[in-house]
Amino acid sequence: MSSSPKVLPTKNMSICKFLVVNGVVSQSVEVPPVSSLLETHPGAYTTSRTHSNASYLLFWESHLQRLADSTRILAERRPDLLFGLGDKRVLPKSHFASFSLWESVILPRVDESLRNVLPIALEGRSSGKELAITTLVSGDSRNLGGLDGGGGEREQDWVFRALNVYVHIGFYVPPVFGDELNCGRLAIVGRGREIARAKFAEWVWQRKKFDGLKPPMVNEILLTNDGDRILEGGVTNFFVVSRMDDSSSNREKGFTYEVQTASINEGVLPGIVRQLIIEVCLAMGIPVREVAPSWSKRELWEEAFTTNGLRLVQHVESIQAPSSLELKKGLKFWSTCYIAIASFEDQPPTRTCILKIIVMTRKCQSMKLDQIRSAFCKLD
């Protein structure tokens, strides 16, 4: 995969998609869909969107931090996923000994790219549409050599050469929460992601393998390594609102229900909205437990929902699972015969709706009262 930046000859700007490479706005009318960008370039990425008719950029500081964290994790553990290498080679420690220096190069370049493209994107936006913003940090394998370590100006120059920053903007219409057409219809399809703590472009291509295994009408997959404990979705974190069982520490505190989601250590992406849900539950006294929801205990589930940077919180209508969830040695996919179903269709997503409202309200207020830890970044 090639990751070198290309700025094409000047033409009329695309009216629906925009691309910036290292601060330079592409003038091509053929800006690719974001999925194509991620499928053809290695690296770490994050996706956010605007809110309130493009007045705010949601959780931008958190997304930038997660982008930096994902880049560091790939550099240290899987540089092939950052640079598009054909093998799982290990880079010398000198290449990322001063990762704070990497951040000092990456983040200003992201800010520059966003500043250059936002006025153009906002001008082309029609009322009711938000901006979906994907930022990709992609390594250029041709510039891997030439660094002996030691930090300083030489290392900074190397980072400039070795990493390219892409900012892709498209228009997005947020779905109406609770609408039957916008509910999540999930299916347990395969095993968990490798390097789950990092959000990387290679996964966009990898999860395509699951598409042929999804039952009809399913719009999100679920991942599990043992056929019982559900980790996360293909592009979401997964939550359930469950009645207490004897294993819950919250039972002794007199609670009847608790919110459950897999812990980071179990192998899931540290989603931005996932963390907000946990913080809100703790602040509001809502019992929350970081444990992978167990499919064998689905009769205790009252509600389920997913979270990500675009939809924020989405109510789940149904979950399907294969008739047998026995892990077959050497296979990464489950059987395609689905018969087991957990349905929430007849139950209003009361608690899920309340959590979404609290997340948005709490974070809007924190922007006004505490600028240091604001969840929104005001667009200039």
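Would you work out the Kirkwood radius for the range 199-280? I mean one over the mean of 1/r across all pairs of different Cα atoms, in Å. Could you put the intermediate results ahead of the total?
Working: mean 1/r = 0.0680 Å⁻¹.
About 14.7 Å for the range 199-280.
Summary of the geometry: the range 106-136 and the range 10-79, compared by the centres of their Cα atoms, lie 9 Å apart. Amide H contacts under 5 Å for VAL235: ILE221, restricted to partners 5 or more places along the chain or on a different chain, H placed in the peptide plane at 1.01 Å from N.
Would you tally the net charge around VAL34, using a Cβ to Cβ cut-off of less than 13 Å, leaving VAL34 out, and scoring K and R as +1, D and E as -1? Working shown, then result.
Values: positive: LYS17, ARG49; negative: GLU39.
Summing Lys/Arg as +1 and Asp/Glu as -1 gives +1.
By per-residue mean of other Cβ atoms within 10 Å, what is the highest-first order of 108-115, 128-135?
Working: 108-115: 18.2, 128-135: 20.8.
Ranking, from highest mean packing down: 128-135, 108-115.
Take the range 183-315 with all the other protein chains still there, run a 1.4 Å probe, and you get 38 Å² of accessible area per residue.
3J(HN,Hα) along the range 64-78: 4, 5, 5, 4, 5, 5, 5, 4, 4, 4, 5, 4, 7, 10, 9 Hz, from the Karplus curve 6.51 cos²θ - 1.76 cosθ + 1.60 with θ = phi - 60°, whole Hz, x for Gly and Pro. Phi angles of the range 217-226 translate, via the Karplus equation with coefficients 6.51, -1.76, 1.60 and θ = phi - 60°, into HN-Hα couplings of 6, 6, 10, 7, 9, 10, 10, 8, 8, 10 Hz per residue; Gly and Pro are given as x.
The values are calculated or read from the model by the stated rules, or taken from the named source; none is laboratory data. Here the structure is a predicted model, which means the values were calculated and not measured. Please note: Cβ atoms are built from the backbone with ideal geometry, for glycine as well, and neighbour counts cover all protein chains shown. These area figures cover heavy atoms from the full protein model, side chains too; ligands, DNA and RNA do not enter into them. Shrake-Rupley method; radii C 1.70, N 1.55, O 1.52, S 1.80 Å.
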